[in-house]
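The values are calculated or read from the model by the stated rules, or taken from the named source; none is laboratory data. Not measured: the values here are computed from a predicted model. Every residue, glycine among them, receives a Cβ derived from its backbone with ideal geometry; neighbour counts consider all protein chains shown.
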Amino acid sequence: MYDYLHMLKWLGFAVCAARSAASIRKAYSNNFRSVPTPAIMHLEPTYACTCRCVYCRVGKGKHKKKDAELSYAEMINLIDQARAIGVKMIAVSGGEPLARKDVLKAMRYAKARGIITSVVHNGTLINKNNVHAVLSSFDAISISLDSLCANKNLSLIHI
C-alpha cells in the first residue's frame, strides 16, 4: 500500500510540472496573449542552516539576515495567494527549512487546502520528537548529502 501511495504522490508532482510547462508553451505559442499559470511555488522560509554544504550558497556566507525572512503570517498569505492562482504544489528549501518551527505548521495549512508539499533539507534537525510532525507536514521529503564518503560529508555548524 505504501509503495502505491508513494507512486501516486510522485505522479502528482510530475503532473504539476507538466501542467506548468504546458501553460508556458501555450502562452509562448500565442505571443503571451494568455498568461501562464504557475503550478509550483518554491518557498525558502529561512536563511539559517546547520551545515555548510559545498554546493550551497548559504554555506558560502551569501545568506541574508534573519530579519529579511517572511513572517508566519506572510507565509500563510503567500499560500492563500498561491492557491487562488492555481498553484498545486509548494516546494520548500532554504537554508535549513526545519530551523523554523512554524514551517511545519504552515505546510500543514497548505496541505489542508489541497496543496502538495515537498521539502529538501539536510536531515540534521529530524529527531524522534518531531519525526511525526515532519511526516505529516510534507508529501515528499528529500535529504541532501555532500557525499557518500563520511570524511567528505556535511560540515555541521550551530545556529
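To keep it simple, each residue is scored yes or no on (1) under 20 Å from Pro38 (Cα atoms); (2) part of a loop (DSSP other than H, G, I, E, B); (3) touching a helix residue (DSSP H, G or I) at 6+ places or on another chain (Cβ under 7 Å).
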| site | (1), (2), (3) |
| --- | --- |
| Lys105 | no, no, no |
| Ala110 | yes, no, yes |
| Gly114 | yes, yes, no |
| Val119 | yes, no, yes |
| Gly123 | no, yes, no |
| Lys128 | no, yes, no |
| His132 | no, no, no |
| Leu135 | no, no, no |
(message) Looking only at segment 38-71, count every residue that is at pLDDT 75 or above and touching a Phe, Trp or Tyr at 6+ places or on another chain (Cβ under 7 Å) and tell me the total.
(response) 1
(message) So Gly86 passes all but one of these: (1) outside any strand (DSSP E or B); (2) surrounded by fewer than 21 Cβ atoms within 10 Å (Cβ to Cβ); (3) at pLDDT 90 or above. Which condition number does it fail?
(response) (3)
